[in-house]
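Each reported figure results from applying straightforward, stated rules to the coordinates on display, with no laboratory input. Quick caveat: nothing in here was measured; it's all calculated off a predicted structure. Here the Cβ positions follow ideal geometry from the backbone for every residue, glycine too, while neighbour counts run over all protein chains shown.
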Amino acid sequence: MKNKVLSLATIIALGSSSLLAGDIRVSGFMNIIGGVNDIEPNDAVTGKTSESYIGYDNQYDFTNQSLAAIQFNSTITDKMGATVQLIAQKREADDDIRMEWGYISYDATDELRILIGKTRPALFLYSDYIDIGFAYNWITPPSEVYDQANITNLDGVNIAYATELNDDYTFSTTLFGGNTSTKKRNALNGSTLDFVMNKTFGGEIALTNEYAKLHLGYIHSRVTETTTLNSTFPSELLFDKSEASFYGVGLNVDYNNIQFASEYIGKELDETISPDVTAYYAMIGYKFGDFTPNYTYSVADSDMKYSSNSDVAIKTQVNSMRAGNLDDRTSNTIGLRYEINARSTFKIEYIHTNLTHSTYVAETTSLKEKAEMINTYRVALNAIF
Amino acid sequence: MKKIILSVAIATTALMADISVVVNPNSGVDSLTQSQVKKIFMGKTKQFPNGSAVRPVDQNSGSTYKEFYKKIAGKSPSKMNKYWVKLTFTGKAEAPKKVGSNSSVIDAVKENTKTIGYIDSSAVTNDVKVVYTVK
């Protein structure tokens, strides 16, 4: 962590010195998030169920979800610019500082903007600004929905068109296409899964006015997966040019003191045993001066497909791959946001989650379900600069 | 009685001073509407109505900044920040550059025909042209 802070400090220092040289603008944001829940890892009584939940177990943690980001933006001509956004954050894989956005922008007209490089597709309502805690009420958006967004960045092209329908309404549509890859470390056996997502394309359609945004998002991808696990890993468990589709419809409203957000999303993974998922949430908040108490109800429903093969080895792998992250779950979240000033907020949150783990029973095609209840407590400081 | 009215008038003027939207005298722009000013400062257009490029500059977060956005967009500084972070960190648009107070805005406008800024009306000089007055 110290190294990360140091490197970021160096970057900031470099940024400031180039500020003198040219027209480079520096901005950024930070989330400092602490959390704890009542999960007992490797609990002998309940058996190995959740290793952790949304990054936390029964030990206080202040690093898992904290992050610091810095963005450099430079105008090349009146129509062209270059932007780099770096984020320092502890991750499952080994990256400490990663480039989250890095693109050349071209404003063909007031309505049409083209980004070439690394961008973040607006798949769900908060996908493209999910890291900026300052911009919403939650500490992080509901994990039931946002854990399903496996594609967070694309190396390719992003074409955005926005036009004002009248004085009140703006219609916008964004098309994106490219490739991406992610790594996922299996906490149980230390192996790494590499996902390569080629021929990824999709789009967003949105209708916005002063108070609300209606959003439709879609992404299609072809996923290939490799693992560092030994050769006994059943290849039929891996994605092999599997077709994956993600979609979401959402609405958020910020009208006077009333705040509302709701989304329904789906994930369909063909030619793989990984479950299809549907998920949704609804959030309501009310602003009393600087305080915004809010309540969120969120649900994720996964549809296990694998039922014909009775191979014990495969079932064991399925169980271990699924542990802790793809179960059915329902959360009730109560949160409070406090505006410290126009550039920073403090938040507290309590999440009560009911999980149902479905695991295969060896030698049979039946599923065993086990219920678990988790209470998570989080605090956060968000700032923008 | 007259004195009281006068004092009240002065006090009110001091509290709610007009803000002038200013451009370079050689910009070729003579006047703008509130809707045009709003579009420029909210990043919805990159051009003056006559088609030439425009670059808005902001004051630092002081009373003029607060008053300007309250009047043209109905937004508090906190709401303006929320508005801009969603655009600047997602590649949609860049926020106006913050240059400082009245005199720095005048300097920026004086130097470049594309620049547009806003200053307290009492600070207007011959170096800039007023194209809209926020009351």
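Some values worked out for this structure:
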quantity	calculated
Estimated inter-spin distance, A:Lys241 and A:Asp96, nm [label 7 Å along Cα→Cβ]	4.0
Listed residue pairs exceeding 30 Å between alpha carbons, taken from B:Lys66/B:Lys114; B:Lys46/B:Lys75; A:Lys184/A:Lys213; B:Lys75/B:Lys110	A:Lys184/A:Lys213
Under 5 Å, built H, 5+ apart or other chain: amide partners of B:Lys97	B:Asp58
Computed label-point distance, nm, for sites A:Thr170 and A:Val379 using a 7 Å Cα→Cβ extension	3.7
Of A:Lys267/B:Lys39; B:Lys38/B:Lys82; A:Lys347/B:Lys39; B:Lys70/B:Lys129, those spanning more than 27 Å from alpha-carbon to alpha-carbon	A:Lys267/B:Lys39; A:Lys347/B:Lys39
J(HN,Hα) series, region A:132-146, from Karplus relation 6.51 cos²θ - 1.76 cosθ + 1.60, nearest Hz, glycine and proline x	9, x, 4, 7, 9, 7, 6, 6, 9, x, x, 5, 4, 8, 6
With Cα atoms, 0 to 90° folded angle of helix B:77-88 axis to chain B main axis	10
Whether region B:38-135 is rounded, prolate or oblate, judged on the alpha carbon gyration tensor where a/c under 1.5 counts as rounded	oblate
Under 11 Å, Cβ to Cβ, from B:Thr113 - net charge with Lys/Arg +1 and Asp/Glu -1	+3
Per-pair calculated FRET efficiency, R0 = 22 Å: A:Ala342 and A:Leu214 via Cβ, rounded to 0.05	0.20
Karplus-derived 3J(HN,Hα), 6.51/-1.76/1.60, for each residue of region A:252-267, Hz, glycine and proline x	10, 9, 9, 10, 6, 9, 9, 10, 8, 8, 8, 9, 10, 10, x, 9
R0 of 45 Å, Cβ-Cβ distance B:Ser63-A:Asp155: FRET efficiency to nearest 0.05	0.50
Spin-label pair A:Val26/B:Lys98, simplified geometry with 7 Å Cα→Cβ offset, distance in nm	1.4
Net charge of Cβ neighbours under 11 Å - reference A:Asn294; Lys, Arg +1; Asp, Glu -1	+2
Those aspartates and glutamates that a straight Cα-Cα span of less than 12 Å connects to A:Lys370, excepting residues fewer than 8 apart in one chain	A:Asp327, A:Asp328
Charged-residue dipole, Cβ positions (Lys, Arg, Asp, Glu), region B:17-134 about Cα centre, Debye nearest 20	700
Cα gyration tensor shape of region A:124-164, rounded if a/c is under 1.5, else prolate or oblate by comparing a/b with b/c	oblate
Percentage relative contact order, chain B, counting C-alpha pairs under 8 Å, at least six apart	45
Neighbourhood net charge (10 Å Cβ-Cβ; Lys/Arg +1, Asp/Glu -1) for B:Thr88	+2
